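In what follows, a structure is listed as structure tokens, so that the remarks can point back to it.
The values are calculated or read from the model by the stated rules, or taken from the named source; none is laboratory data. All values derive from a computational prediction rather than experimental measurement. Every residue, glycine as well, gets a Cβ built from its backbone with ideal geometry; the counts of neighbours run over all protein chains shown.
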Amino acid sequence: MSLARRHQDRLLAATAASAPASGSGLAPSAATGAAPRAADRPLANHAAATTKLRLTHDLRRLKEIKSVVHKIAAKREMLPEYQAWVDGVLDAAAHATGRELAATGADEVLPTIMVWSIDVADWTRALTLAAVVIRFNVAMPSRYERDAPTLVLEEIAEAALKAQNASERFPLWVLEAVETLTDGIDMHDQPRAKLFKAIGAELTARAGDAEPDAARPMIEAALARLGSAQALDGRIGVKTVIKGLEKARAALPAPTNDTAGSTG
């Protein structure tokens, strides 16, 4: 089993443990992970139809907003209305097949809510949804030009790079989770180079705050990621950072010997 699949399984397991089993807007059988029974299908179909109708209305509202900042603010207001339904789908996804998941209507709503969660920087929610979307190969709606793995990786990498360019820190665990989630998935080199650059930059910042012994492995890890970014995209713009890290590594004092002073 690949690292990506193991990470997806961990995210799904965590979601199944925390998501509510009832009151989700899904039929009871769907909320517990089983395929909808014949008696439950009308309720499940109604929930899916109602949620899709809400999404259609909200997308129309977003289309009328010109400002990106205002669009994000609107999405932040809209997202809580989908939370219960999405929690039910996530709970079902911990046990369902791809066909059963599609029957809930997740094939249209789930990837959209995933993107909105990225837009509002709800990283935990975004990664949980991304794990389901990627595992079940849920297609992105036609309004999105990229497939799900590429979109998730590139959008989060660009958010990190934007923050770093403004001298702000970005959660390293988010970047590493994206790396694991998309490991082994074929995509263009440039998006993955952005992710490696973002991880390298975050490790570089952490190394600058650390004591020499702790900084050394961070510098090594940063050099590895930045080197991978450079190999994937020669225009990614990491050469200067690499040179600076190499100088910083050379200037580090020799590792301390914890056994110094021992009488033997």
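Within the range 227-250, residues that are assigned by TED's automatic domain parsing to the domain that holds Ala215 have Cβ atoms under 8 Å from residues that are part of a loop (DSSP other than H, G, I, E, B) in these pairs: Ala229/Ile236; Ala229/Val238; Gln230/Ile236; Gln230/Val238, counting only partners at least 6 apart in sequence or on another chain.
Looking at Arg206, Arg225, which is the one that is modelled with pLDDT under 95 and among the basic types (Lys, Arg)? Answer to the check: Arg206. If the condition is being more than 13 Å from the chain's Cα centre (by Cα) and assigned to a loop (DSSP other than H, G, I, E, B), then the range 177-204 contributes Gly184, Ile185, Asp186, Met187, His188.
Among the candidates Ala166, Ala207, Ala193, the residue that is in contact with a Pro (Cβ under 9 Å, 6 or more places away or on another chain) and either closer than 24 Å to Arg146 by Cα or not assigned by TED's automatic domain parsing to the domain that holds Trp123 (or both) is uniquely Ala207.
Within the range 45-67, no residue that is farther than 15 Å from Val109 by Cα sits with its Cβ atom under 7 Å from a residue that is surrounded by fewer than 12 Cβ atoms within 10 Å (Cβ to Cβ) and of a type in the set (Gly, Ala, Ser) at 6+ positions apart or across chains. The set of residues from the range 162-171 being surrounded by fewer than 17 Cβ atoms within 10 Å (Cβ to Cβ) and either without any contact (Cβ under 8 Å) to a residue 40 or more places away in the chain or part of a helix (DSSP H, G or I) (or both) comprises Lys162, Asn165, Ala166, Ser167, Glu168, Arg169.
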